[in-house]
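Student: Sharing a structure below in structure tokens format, with a few things to ask.
The values are calculated or read from the model by the stated rules, or taken from the named source; none is laboratory data. Worth saying up front: this structure is predicted, and the values here are computed from it rather than measured. Neighbour counts are summed over all protein chains in view; Cβ atoms, including those assigned to glycine, are modelled from backbone coordinates with ideal geometry. Areas reflect the complete protein model, heavy atoms only, side chains present, ligands, DNA and RNA absent. Shrake-Rupley method; radii C 1.70, N 1.55, O 1.52, S 1.80 Å.
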Amino acid sequence: MSRSTAASRRPLSPHLTIYRWPITMTLSIAHRITGGALYFGTLLVAWWLVAAATSPDWFDTANAVMGSIFGTLVLLGFTWAMFLHAVGGVRHMLWDTGVAMEKHVSRQTSWASLIASVVLTALTWVALYLVL
């Protein structure tokens, strides 16, 4: 059998259009991405704090940026990233003890993590607007 014939008879990997990502893989990737995003969000919070300590003009500029629609969306995303990463960290701590390692439980905790992060983000922002 020639090499080209053998290569043409091999099964192909599923294409992205038919492959369905499991929620566990999606949350694993999201956990890594939110961990990186938290670095940049923390830099923005540090910039705001430095502006507050520097002068009223710098603080007004920082507030204008953070209070814009774009700034609010970034802060909303930062809040969600913090909660998703924190809840994912709790899942990882459970796994370190050997709990919730079964496939079906892992799927359930993935969905619970995603839902909890959205709910916690919404509650935080509702509480923020109720206070202000």
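Student: Among the hydrophobic types (A, V, I, L, M, F, W, C) and surrounded by fewer than 16 Cβ atoms within 10 Å (Cβ to Cβ), is that true of W80?
Tutor: In short, no.
Student: Which of the following residues is open to solvent by less than 50 Å² (accessible area, probe 1.4 Å), assigned to a helix (DSSP H, G or I), free of Cβ contacts under 8 Å to residues at least 40 places away in the same chain and closer than 15 Å to T26 by Cα: T109, T72?
Tutor: The unique qualifying residue is T109.
Student: What number of residues in the range 84-106 are of a type in the set (S, T, Y) and open to solvent by 50 Å² or more (accessible area, probe 1.4 Å)?
Tutor: Going residue by residue through the range 84-106, those that are of a type in the set (S, T, Y) are 97, 106.
Adding the requirement that they be open to solvent by 50 Å² or more (accessible area, probe 1.4 Å) leaves 97.
Summing the residues that are of a type in the set (S, T, Y) and open to solvent by 50 Å² or more (accessible area, probe 1.4 Å) in the range 84-106 gives 1.
Let's see how each residue does on (1) modelled with pLDDT of 95 or more; (2) aliphatic (A, V, I, L, M); (3) farther than 30 Å from T109 by Cα:
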{"position": "I18", "(1), (2), (3)": "no, yes, no"}
{"position": "W21", "(1), (2), (3)": "no, no, no"}
{"position": "M25", "(1), (2), (3)": "no, yes, no"}
{"position": "A30", "(1), (2), (3)": "yes, yes, no"}
{"position": "A51", "(1), (2), (3)": "yes, yes, yes"}
{"position": "T54", "(1), (2), (3)": "yes, no, yes"}
{"position": "G67", "(1), (2), (3)": "no, no, yes"}
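Student: Next question. Could you tell me which numbered condition A127 fails, if it satisfies all but one of (1) modelled with pLDDT of 95 or more; (2) out of contact with any helix residue (DSSP H, G or I) (no Cβ under 9 Å at 6 or more places or on another chain); (3) open to solvent by 100 Å² or more (accessible area, probe 1.4 Å); (4) not charged (D, E, K, R)?
Tutor: (3)
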